[in-house]
Amino acid sequence: MLLAERHLNSHPDFLAAYDRCAAQLDPPVLRGHGPAKAQYYQWLSGRMVGLPRYYHRRVLEKMFPGWTVEGLFQMADSASAAPGSHHAGQTGADIQLQEFLGAEAATLGTTLVYPTLELTGPSVEARWEAEIPRQRRFGRSAGLLTPHRRIDAPTMLPENDIRGLLYVFSLLQRYTRFPIYFQSDREMAAHFDRPYISFGFTSNDCTRKHLESVEFPLATIRDCHADSGFYPGRLELSDGSSYESSRDRNIGIIVRSRPSPDLYPGRYCIYCAGLGPRGTPGASWYLANNWSLLQRRAGDREFVAVIGVRSYSDRTASLEHLLMESTD
């Protein structure tokens, strides 16, 4: 139906249009990689099992802006005749980001999960012994707030994790129209019933719950002796590779996981975390600026991306390794 609207009525006509769009991609798909004649007619038959190869999907979405590959291979009587009507008013980037976040996030919205910290038991006891009132738990030594200004703050938020959350929040505001919610890690871990993006490593209950509950995780954190590295933790991947942070270079990770694929096939949970003060915000900055690269390479698979971040700026984040779930 869509080919007829574009007057592409034969296999040679289709290949010419295919090659023109393939050359416009970044990186381009080389001329001559279009479908063979038998494959072309299989695409039109309505009897496709699965989807075409990844590079075909890239070209097809370029040829038909506003359409997902899944929409293109629906039967014509169940698909709208208007191009892009499945995602009216949305750009290709909008649709691709929704595919990256998962179908459930596109319909129900997504939740950004931040960690909350409280004073430990010994700290509370010491405060009572020193007769420090609740409003004087936190303060500032200099600045606009005077030392005598009362601050009623029963909990605190890690600044670096919140900085990471804001990077991703800015991304979602630019590209999506679905609702965005905010929730503490404690509340989200207790009521795990929707897709979310979580920030922080051992400080975040959602991240810790994921690492402890997955039977065969792509990534784990191992404790190491304090004298064996600058930070007492090491990231280990299921392919045997391992990473540690140092004073000059922190390690961040981005994990995309399906928590219950049988029960919620369209749900992804995403974790931005790291070892060292730049790990989480660096991973979050990379996600906000390079999610499309991760989506192109991972497709609909679970993955863990290892991000290297120089100690002086979140914006120095770069991809060091991408491990995806096996398709076997």
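The values are calculated or read from the model by the stated rules, or taken from the named source; none is laboratory data. No experiment lies behind these values; they were computed from the predicted model shown. For neighbour counting, all protein chains shown are included, and Cβ atoms are generated from backbone atoms with ideal geometry for every residue, glycine included. Accessible surface areas use protein heavy atoms only, side chains included; no ligands, DNA or RNA. Shrake-Rupley method; radii C 1.70, N 1.55, O 1.52, S 1.80 Å.
Listed values, structure above:
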{"item": "Per DSSP, loop chymotrypsin sites (Phe, Trp or Tyr not before Pro) in the stretch 232-320 with at most 10 further Cβ within 10 Å", "result": "Tyr312"}
{"item": "Mean Cβ neighbour count within 10 Å, used as a protection proxy, ranking 36-45, 197-206, 254-263 highest first", "result": "197-206, 254-263, 36-45"}
{"item": "Residue-normalised accessible area of the stretch 183-301, given per residue in Å² at a 1.4 Å probe", "result": "46"}
{"item": "Within-15-Å neighbourhood charge of Leu263 [Cβ basis; K, R +1; D, E -1]", "result": "0"}
{"item": "Under the Debye formula (equal points on every Cα, no solvent term), log10 I(q)/I(0) of the stretch 24-68 at q = 0.32 Å⁻¹", "result": "-1.31"}
{"item": "Value in Å of the Kirkwood radius, where the stretch 232-309 supplies the Cα pairs that are averaged", "result": "13.2"}
{"item": "Stokes-Einstein D in µm²/s, Kirkwood radius over Cα pairs - the stretch 169-284 at 4 °C with 1.567 mPa s viscosity", "result": "84"}
{"item": "Qualifying GluC sites (Glu not before Pro) for the stretch 163-229 [loop in DSSP, other Cβ within 10 Å: at most 10]", "result": "Glu215"}
{"item": "Net length gained if the chain between Asp262 and Leu44 were fully extended (0.36 nm per residue, minus Cα distance)", "result": "75.5 nm"}
